[in-house]
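The values are calculated or read from the model by the stated rules, or taken from the named source; none is laboratory data. No experiment lies behind these values; they were computed from the predicted model shown. With ideal geometry, Cβ positions are generated from the backbone for all residues, glycine too; neighbour counts draw on all protein chains shown.
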Amino acid sequence: MLSRVAERMYWLGRYVERAENTARLLAVNANLLLDMPSEVGVLWQSLVEILSVGTDFAELHEDATERNVMRFLVASEKNAGSLVSSLSFARENARTVREIVPSEAWEVINDLYWSAKERHGEALTRKGRLQYLDSIVMQCHQLAGIMGNTMSHREPYHFVRSGCLLERADMTSRILDVGCTYVLRVGERLAPYENILWTNVLLSLSAYQMYRQSVRERINPRDVVAFLLQDTAFPHAIAYCLEEYGECVQRLPRHDAPLAEVKRVQKHVAAADPDRLVEAGLHEYIDAFQTSLGRCDTAMRKTWFGTNGG
């Protein structure tokens, strides 16, 4: 398999997952906007910081208002990580490997991109925002189903899947960081609304029902962090993503270095103490975790794509 094709498949998986989870992250804040009282406020600046685009945002906007942040993260051409930009990159990668991607999948990717681009104005209004974001998530689910059920599970599929899982683990950690950010910045004022906050974090990952089946206690930060960090059965939990990613990597040739890297991250996640993280250090832990995922990505690139990564 050509390294060029392998890299395109890998980034196809990453960009689609990035678009889906950007929509999820924006939905967290959209729901908080509806559920939180005005005196607590919604921290729009935290979104650009969590997505590591604060510098680019500051070059365009002086204030992190609701409209400025939504426009920048949904469809700004100046933001390579915006939802529409991610879908554009996914579409371009799929276009260059159309002989490998199932035709049904290409049609969904193409329709998803054009729909997201043409309707992005809906995300700027509170009335149409959640419907727009939910439609992005559902179309990404449709695409994942088509790819999983109509594409042979050989090397090209494993590259798509590995990109998807690495991106998903990263974004799950960033969505957890939303909860952490609110706790740190709002402090005691948040105490009466803590249940609302962590419920929305679960809902943003479609994790609420599975969490309730797994954890019988009242929703609390410790159990939410433990579930989303260490559960090995829920598809958006970090431990699950890493385990599945490792299995994909193991099915590829010359996998020793990437596999060793992900196993180091798995041990670090398994050893984490949710109680201590919630008390102090969750934000720092997530920063370190995202750095470790960067090393997994670099190992992928060095091994199969002939590049060192970014």
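One residue stands out among those in the range 232-246 that are farther than 19 Å from residue 177 by Cβ and not aliphatic (A, V, I, L, M): the one that is surrounded by the most Cβ atoms within 10 Å (Cβ to Cβ), which is 245. Within the range 64-103, the set of residues being among the basic types (Lys, Arg), surrounded by fewer than 18 Cβ atoms within 10 Å (Cβ to Cβ) and within 18 Å of residue 118 (Cα to Cα) comprises 67, 78. The set of residues in the range 85-133 that are in a helix (DSSP H, G or I), over 23 Å from residue 31 (Cβ atoms) and of a type in the set (Asp, Glu) comprises 92, 104, 107, 111, 118. When the range 199-224 is limited to residues that are aliphatic (A, V, I, L, M) and modelled with pLDDT under 95, the one that is nearest to residue 24 (Cα to Cα) turns out to be 205.
The set of residues from the range 234-276 being outside any helix (DSSP H, G or I), within 18 Å of residue 6 (Cα to Cα) and among the hydrophobic types (A, V, I, L, M, F, W, C) comprises just one member, 252. For the criterion of being part of a helix (DSSP H, G or I) and at pLDDT 85 or above, residue 58 passes. Counting residues in the range 279-294 that are under 21 Å from residue 50 (Cα atoms) and not in a helix (DSSP H, G or I) gives one or more.
Among the residues that make up the range 250-260, is at least one of them polar (S, T, N, Q), touching a helix residue (DSSP H, G or I) at 6+ places or on another chain (Cβ under 8 Å) and under 30 Å from residue 33 (Cα atoms)? No, there is no match, as no residue in the range 250-260 is polar (S, T, N, Q), touching a helix residue (DSSP H, G or I) at 6+ places or on another chain (Cβ under 8 Å) and under 30 Å from residue 33 (Cα atoms). Here residue 89 passes the criteria (1) aromatic (Phe, Trp, Tyr); (2) at pLDDT 95 or above; (3) over 21 Å from residue 7 (Cα atoms) except the one numbered (3).
Name the single residue that is farthest from residue 226 (Cα to Cα) among those in the range 271-299 being touching a residue at least 60 places away in the same chain (Cβ under 8 Å) and of a type in the set (A, V, I, L, M). So, considering only residues that are touching a residue at least 60 places away in the same chain (Cβ under 8 Å) and of a type in the set (A, V, I, L, M), the one farthest from residue 226 (Cα to Cα) is 293.
Would you confirm whether any residue within the range 237-245 is more than 18 Å from residue 273 (Cα to Cα) and either of a type in the set (Gly, Ala, Ser) or without any contact (Cβ under 8 Å) to a residue 40 or more places away in the chain (or both)? Among the residues of the range 237-245, at least one is more than 18 Å from residue 273 (Cα to Cα) and either of a type in the set (Gly, Ala, Ser) or without any contact (Cβ under 8 Å) to a residue 40 or more places away in the chain (or both), which makes the answer yes.
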